[in-house]
Amino acid sequence: MGIFPTDRDLNRPPEHVELEVSASTFGLKSEELNIRLDEFLTRHLKWRSRSSIQRLIKGGWTYVDPSRPDSPNGSGEYIKESRPGRKLKDGGRVKVVIPPDSRLPVPEVSTEELSILYEDEDVLAVDKPPLLPVHPSGRHHSDTLIQRVHARYQASHLEQGIAPRLCHRLDRETSGVVLVAKNPRAHRRLAGQFEDREVEKDYLAIVSGVPEESSGEIGLPIGPALYSDVRLKMTVTAEGLPCKTDWQVLSTHGNCSLLKLRIHTGRQHQIRVHLSAIGYPIIGDKLYGLDENYFCKQAEGTLDAEDLRALQLPRQALHSHRLVFTSSVNGEPVEVVSPLAPDLQAFLDLRESD
């Protein structure tokens with residue numbers, strides 16, 4: 001169970017958080033858990049001190065749906081609780097209302113129209129532009145892809161308590177096809193297809209260099225890059241998880257090539273790691289290309305014109321080109337294709353004119 005409700009409108013600041021009291025979270029058996037309310041919230045709301053949480057509870061912002069013998073998972077009804085020392089048992093639930101003066105501001109959402117590649121009653125396929133985050137995060141609170149989707153379906157879905165949800169994600173710099181489920185049933189079915197590797201996923205990438213072969217397969221295992229200062233960086237390692245990427249050269253342009261890639265697994269940064277490992281890093285990749293210091297400089301906001309010239313592109317030249325999934329409406333295969341993004345096509349055209 002997440003802190004925030006999954007069906008909330010992401011264009012409105014969250015008004016409360018919900019937490020499940022689970023003994024397994026504390027490494028205990030069900031009958032062993034007997035924890036104070038303020039201690040429980042301190043464990044989960046790590047950004048607040050225990051004294052501030054006690055003030056929150058005494059101020060009447062906390063509600064408890066307790067676990068009882070006749071309702072071990074709560075009754076579904078929350079009762080206001082102003083005692084910090086209230087004891088909680090396994091299976092109960094806690095709701096904390098966020099005081100109005102502590103809520104985030106209403107996020108700004110672009111009025112730019114979504115580029116729709118496919119739509120039926122269950123699924124929306126969007127052509128994501130580069131540099132647009134798909135979901136709110138610590139760095140990007142407003143104007144993300146899912147917030148634009150929520151703005152589109154405000155009246156038809158969100159006001160009925162149905163929140164469209166992403167079926168998968170792309171990096172902020174990657175462009176191309178993203179699938180969005182318009183209801184919980186479709187999300188469950190599509191999530192299952194991704195998990196079972198039933199979705200065909202083809203990408204286009206512009207890489208540095210020209211491979212000697214016209215096609216090939218990369219089967220190198222991938223795991224965390226423990227040597228790196230960048231925590232999210234991955235690398236090829238014998239201790240990693242198995243991965244498979246097929247690649248094919250579509251065209252060459254001077255000292256770079258356009259590749260089509262199909263991934264049979266979905267590891268973090270799989271394509272970028274695999275291509276870098278075989279000596280053909282993606283143009284503009286700040287983490288797996290020339291030097292990971294470009295990634296650090298971008299995070300610090302210190303990338304300069306000289307850095308951008310070295311990178312050749314302001315973003316990684318990776319594009320989600322094609323997805324094939326099974327429709328939850330009629331059980332038939334659906335193919336969604338996004339042409340190479342305009343900025344990447346312009347980069348190749350410029351190479352042709354040199």
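FYI, it's all coordinate maths here, none of it is from the lab. Just so you know, these numbers come straight off a predicted model, no measurement behind them. Here the Cβ positions follow ideal geometry from the backbone for every residue, glycine too, while neighbour counts run over all protein chains shown.
Our coupling estimate for the stretch 324-340, obtained by passing each phi through the Karplus curve with A = 6.51, B = -1.76, C = 1.60 and θ = phi - 60°, is 10, 9, 9, 5, 7, 8, 10, x, 8, x, 10, 10, 10, 10, 10, x, 3 Hz, Gly and Pro reported as x. Under a Gaussian network description of the chain, with springs only between Cα atoms under 10 Å, the residue in 194, 26, 40 that fluctuates furthest is 26. Taking amide hydrogens as placed 1.01 Å from N in the peptide plane, the amide H of residue 235 sits under 5 Å from those of 223, 225, each at least 5 positions away in sequence or on another chain. Sorted largest first, the spans of the alpha carbon positions of the stretch 152-249 along the three principal axes are 54, 33, 26 Å. The phi-based Karplus calculation (6.51 cos²θ - 1.76 cosθ + 1.60; θ = phi - 60°) puts the 3J(HN,Hα) values of the stretch 120-132 at 9, 5, 10, 10, 10, 10, 10, 8, 6, x, x, 6, 9 Hz, whole numbers, x for Gly and Pro. Taking amide hydrogens as placed 1.01 Å from N in the peptide plane, the amide H of residue 118 sits under 5 Å from those of 125, each at least 5 positions away in sequence or on another chain. If you take all other residues with their beta carbon under 11 Å from the beta carbon of residue 313, and give Lys and Arg +1 and Asp and Glu -1, the sum is 0. GNM on the chain, alpha-carbon springs under 10 angstrom: the most fluctuating residue among 208, 30, 320 is 30.
Taking 150, 16, 187 in turn, the Gaussian network model of the chain (Cα-Cα springs below 10 Å) assigns the largest fluctuation to 16. Ordering 261, 313 from the fewest to the most neighbouring beta carbons within 10 Å gives 313, 261.
Can you pick out the pairs among 233/297; 58/89; 128/233; 89/182; 46/286 whose Cα atoms lie more than 25 Å from each other? Violating the 25 Å limit, Cα to Cα: 89/182; 46/286.
Going by Cα centres, the stretch 239-289 and the stretch 178-235 are how many Å apart? About 10 Å separates the Cα centre of the stretch 239-289 from the one of the stretch 178-235. Considering only beta bridges that DSSP places wholly inside the stretch 116-353, some 95 percent are antiparallel. Note that the stretch 178-313, at 37 °C in a medium of 0.692 mPa s, gets a Stokes-Einstein diffusion coefficient of 199 µm²/s from its Kirkwood radius over C-alpha pairs.
Excluding residue 216 itself, what net charge comes from residues whose Cβ is under 13 Å from its Cβ, given Lys and Arg +1 and Asp and Glu -1? So the environment of residue 216 carries a net charge of -1.
Amide H contacts of residue 92: 21, 67, each under 5 Å away and 5 or more positions distant or on a separate chain (H built 1.01 Å from N in the peptide plane; Pro and chain starts excluded). The phi torsions of the stretch 182-189, fed into the Karplus equation with coefficients 6.51, -1.76 and 1.60 and a -60° offset, translate into couplings of 8, 7, x, 4, 5, 5, 4, 5 Hz, rounded to whole numbers, with Gly and Pro shown as x.
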